[in-house]
Amino acid sequence: MIRLCLNSACARQLFSRLPYCPYCGTIQQTTTAARSDAVAPPAGGVDTPAAASTELASSGTRPVPRPGQSTAAQLAPPLAPQTPIEQPARAGARPLAAPARWLAAALVLLAAAIYLAAPAWPETGYVAVACDAPAASELTILLDLPAPLEPSTRAEVLVRLSRALDAEQSGVRRISVFSTRARHGDVATPVVSACAAPTMLGSLLGARGLAPQLKAQLLGKIESQLAVQDSAAALTQVVADLSVSQYLRAPQNTLLVFSDLIDKSARFNLFSCDNSQDVIHHYRASHAGAVERPAFRNTAVDLNAVPDPGISPATARCRKAFWQWYFSDAEGPGAQLAMNFLPGRLKKKN
């Protein structure tokens with residue numbers, strides 16, 4: 001006969017008298033009062049005494065099913081409902097396990113240690129080194145700006161200089177700044193010169209860029225030169241002096257020039273030229289016995305021209321042809337000439 005679970009909250013039908021109800025997950029209390037409502041077992045069946053049922057319930061073992069009897073009692077009981085202690089603190093939230101809390105605390109401590117130790121870390125860019133060893137590359141900056149610059153022109157000059165200082169390098173690189181308006185008249189002596197090299201940590205991390213302190217010092221010297229209004233030497237003379245000096249003799253060199261490219265001196269003047277062949281002949285005749293045209297090896301020349309609205313179209317064409325001839329005596333890997341204009345113009349009084 002079919003029995004009911006003795007738990008009134010369940011009231012499910014059972015296939016036999018069982019010490020453990022698989023539906024509600026509670027032990028059957030087979031007391032005399034509880035058995036008063038039970039139905040007698042089917043005829044010819046072997047029923048389990050009450051004492052045996054109590055022993056099975058207390059030991060946790062399961063009764064052996066009879067032949068033909070359902071094995072519902074052998075199925076794994078469902079999970080018991082959560083107790084109030086096991087309920088989460090709020091809906092949709094799950095408290096962190098102990099390992100997760102330890103991991104979060106460790107990450108917070110690591111971030112704090114990195115923040116506090118950052119000033120003591122070694123720099124990973126290109127840092128200043130002594131210029132004792134031969135340079136693997138050279139960056140030479142030449143300033144020839146005879147008049148104050150407009151704000152847009154000045155800003156662009158500093159941007160291009162900053163980009164050149166942060167250019168990728170390997171080994172020691174010497175950075176030298178020259179000006180045609182040197183205060184002491186010796187234009188062949190750099191205003192400032194320094195050497196930089198990548199650190200071992202920077203090479204491993206692939207870090208680039210000049211160290212901020214060294215970069216600020218170089219840009220500060222350059223900005224001070226932009227304000228100098230002393231008499232200027234001829235651009236061609238300064239470049240010729242550089243070509244026979246100790247500078248620009250590394251396996252890889254860059255000459256970065258900022259100028260209006262209007263060379264003016266007592267012997268030679270590009271401002272009134274209208275024929276490139278005539279001006280080249282005149283320049284060579286005026287420099288007989290000296291360096292007529294500089295020769296460079298492994299040198300990339302980058303001319304940054306400041307627009308001058310006071311020159312004629314013929315002078316502009318003559319100027320371009322002259323500088324192409326002047327820097328054409330170059331050979332070796334990386335030898336090239338580029339000419340780019342700057343925005344704005346020179347602030348001339350007349």
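Charged neighbours of ALA135, selected by a Cβ distance under 10 Å, balance to +2 (K, R count +1; D, E count -1). In sequence order, the stretch 155-163 has phi-based couplings of 5, 5, 4, 5, 5, 5, 5, 4, 5 Hz under the Karplus curve 6.51 cos²θ - 1.76 cosθ + 1.60, θ = phi - 60°, and Gly or Pro positions carry x. Near the amide H of LEU142, within less than 5 Å, lie the amide hydrogens of PHE178, LEU256, VAL257, PHE258, all on another chain or at least 5 residues away, with H placed in the peptide plane.
Simple spin-label estimate for ASP230 and SER193 gives 1.8 nm between the two label positions (7 Å along the Cα-to-Cβ direction from each Cα).
May I ask for the net charge around SER286, where only other residues with Cβ less than 15 Å from the Cβ of SER286 are counted and Lys, Arg are +1 while Asp, Glu are -1? Display every interim value, and only then the final one.
Details: positive: LYS264, ARG267, ARG284, ARG293; negative: ASP263, ASP278, GLU292.
Charge balance near SER286 sits at +1.
From the Cα gyration tensor of the stretch 281-350, with a ≥ b ≥ c the square roots of its eigenvalues, which class applies: rounded if a/c is under 1.5, or else prolate if a/b is larger than b/c, or else oblate? Oblate, because a/c is 1.5 or more while a/b does not exceed b/c. Per residue, the accessible area of the stretch 290-350 comes to 54 Å² when a 1.4 Å probe rolls over the protein heavy atoms.
Under the classification rounded if a/c is under 1.5, otherwise prolate if a/b is larger than b/c and oblate if not, where does the stretch 216-283 fall, given a ≥ b ≥ c as square roots of the Cα gyration tensor eigenvalues?
Numbers: a/c = 2.49, a/b = 1.43, b/c = 1.74.
Oblate, because a/c is 1.5 or more while a/b does not exceed b/c.
The values are calculated or read from the model by the stated rules, or taken from the named source; none is laboratory data. The structure presented is a predicted model; accordingly, all values stated were derived computationally and were not measured. Cβ coordinates were reconstructed from backbone atoms using ideal geometry, including for glycine residues, and neighbour counts include every protein chain displayed. The area values use the complete protein model at the heavy-atom level, side chains included, leaving out ligands, DNA and RNA. Shrake-Rupley method; radii C 1.70, N 1.55, O 1.52, S 1.80 Å.
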